[in-house]
Amino acid sequence: MTIQSDTCIELYPGAQIMEFDSSTRDKTYRVELSTGVHFQINEKLYHLLDCLQTPLTLSDLATTFQQRTGQTVDMAQLQALSEQLIGQGLIRETAAQGQPLPSEPAQPAKQADAYLGLHYRRDLFAAATLAPLARALQIFFNRPLALVLMTLVAIVHVLAYRQIGFPPHVDMATVTWPLFY
């Protein structure tokens, strides 16, 4: 598939781009499609996809990207990247008014590949089975009670480390209540 020079491309409808807090040095973003597929992208690709919130031709995209970031992009690389992103369902070809091309499917056909190629999902418990337990435990997610419980956990940790030392020297012959808790 080759994108024609007069064909516009845009971010797939329903796709959301949000900042992704990770341990990497560089800023990363997460793209979530309406099908539930997630992609982690770098800042350069974020700016490129963000430019595609409105339909643009490849040449307009290159110009907009350069104005936004100050970086130039090779048209051949942009063409190849666009074709790859269309295949992944992140962007789509549109007519000039933002309407999808007639040959385009309503949803991206590609389903997410699982890591290591493993596709297995099974519910361990039915939602109806866990609902009474969840309702009984939801009180612990009340802000004042959660703060009290976190304070108690911190106090117990301090008492335990005062008694057993840091690093811990544990005598398993005797049981201490802070250590037990």
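The values are calculated or read from the model by the stated rules, or taken from the named source; none is laboratory data. Keep in mind the model is a prediction, meaning the values are calculated, not measured. Here the Cβ is made from the backbone with ideal geometry for all residues, glycine too, and neighbour counts use every protein chain on show. Quick note on the areas: whole protein, heavy atoms, side chains included, nothing else; ligands and nucleic acids left out. Shrake-Rupley method; radii C 1.70, N 1.55, O 1.52, S 1.80 Å.
Name the residues in segment 14-37 that are within 22 Å of Leu61 (Cβ to Cβ), in contact (Cβ under 8 Å) with a residue 40 or more places away in the chain and in a loop (DSSP other than H, G, I, E, B), would you?
Ala15, Leu33
Do you know which of the residues in segment 20-37 that are surrounded by 12 or more Cβ atoms within 10 Å (Cβ to Cβ) and not hydrophobic (A, V, I, L, M, F, W, C) is farthest from Leu85 (Cα to Cα)? Write out each step before concluding.
First, pick out the residues of segment 20-37 that are surrounded by 12 or more Cβ atoms within 10 Å (Cβ to Cβ): 20, 22, 27-35, 37.
Checking the rest, the ones that are also not hydrophobic (A, V, I, L, M, F, W, C) come to 22, 27-30, 32, 34-35.
Numbers: Ser22: 23, Lys27: 20, Thr28: 17, Tyr29: 16, Arg30: 14, Glu32: 13, Ser34: 15, Thr35: 15 Å.
Per the stated criteria, the residue is Ser22.
Please determine whether any residue of segment 53-60 is open to solvent by less than 70 Å² (accessible area, probe 1.4 Å) and assigned to a helix (DSSP H, G or I). Break it down stepwise before answering.
Of the residues in segment 53-60, the ones open to solvent by less than 70 Å² (accessible area, probe 1.4 Å) are 55-59.
Still in the running and assigned to a helix (DSSP H, G or I): 58-59.
Yes, some residue in segment 53-60 is open to solvent by less than 70 Å² (accessible area, probe 1.4 Å) and assigned to a helix (DSSP H, G or I).
Could you give me the residue pairs with C-beta distances under 9 Å whose first residue belongs to segment 50-71 and is farther than 17 Å from Leu85 by Cα, whose second residue is open to solvent by less than 50 Å² (accessible area, probe 1.4 Å) and among the aromatic types (Phe, Trp, Tyr) wherever it lies, and which are 6+ apart or on separate chains?
Gln71/Phe65
State whether one or more residues within segment 126-134 are out of contact with any strand residue (DSSP E or B) (no Cβ under 6 Å at 6 or more places or on another chain), open to solvent by 80 Å² or more (accessible area, probe 1.4 Å), modelled with pLDDT of 85 or more and not hydroxyl-bearing (Ser, Thr, Tyr).
Narrowing segment 126-134 to residues out of contact with any strand residue (DSSP E or B) (no Cβ under 6 Å at 6 or more places or on another chain): 126-134.
Next, from what is left, pick out any that are open to solvent by 80 Å² or more (accessible area, probe 1.4 Å): 127-129, 133.
Add one more test, that the residue is modelled with pLDDT of 85 or more, and what stays is 128-129, 133.
Now narrow it down to the ones that are not hydroxyl-bearing (Ser, Thr, Tyr): 128, 133.
Among the residues of segment 126-134, at least one is out of contact with any strand residue (DSSP E or B) (no Cβ under 6 Å at 6 or more places or on another chain), open to solvent by 80 Å² or more (accessible area, probe 1.4 Å), modelled with pLDDT of 85 or more and not hydroxyl-bearing (Ser, Thr, Tyr), which makes the answer yes.
Does at least one position in segment 166-178 carry a residue that is modelled with pLDDT of 85 or more and either surrounded by 12 or more Cβ atoms within 10 Å (Cβ to Cβ) or assigned to a helix (DSSP H, G or I) (or both)? Steps first, please.
Of the residues in segment 166-178, the ones modelled with pLDDT of 85 or more are none.
No, every residue in segment 166-178 fails to be modelled with pLDDT of 85 or more and either surrounded by 12 or more Cβ atoms within 10 Å (Cβ to Cβ) or assigned to a helix (DSSP H, G or I) (or both).
Condition first: crowded, with 16+ Cβ neighbours inside 10 Å and assigned to a strand (DSSP E or B). Now tell me which residues in segment 38-52 satisfy that.
Those that are crowded, with 16+ Cβ neighbours inside 10 Å and assigned to a strand (DSSP E or B): Phe39, Ile41.
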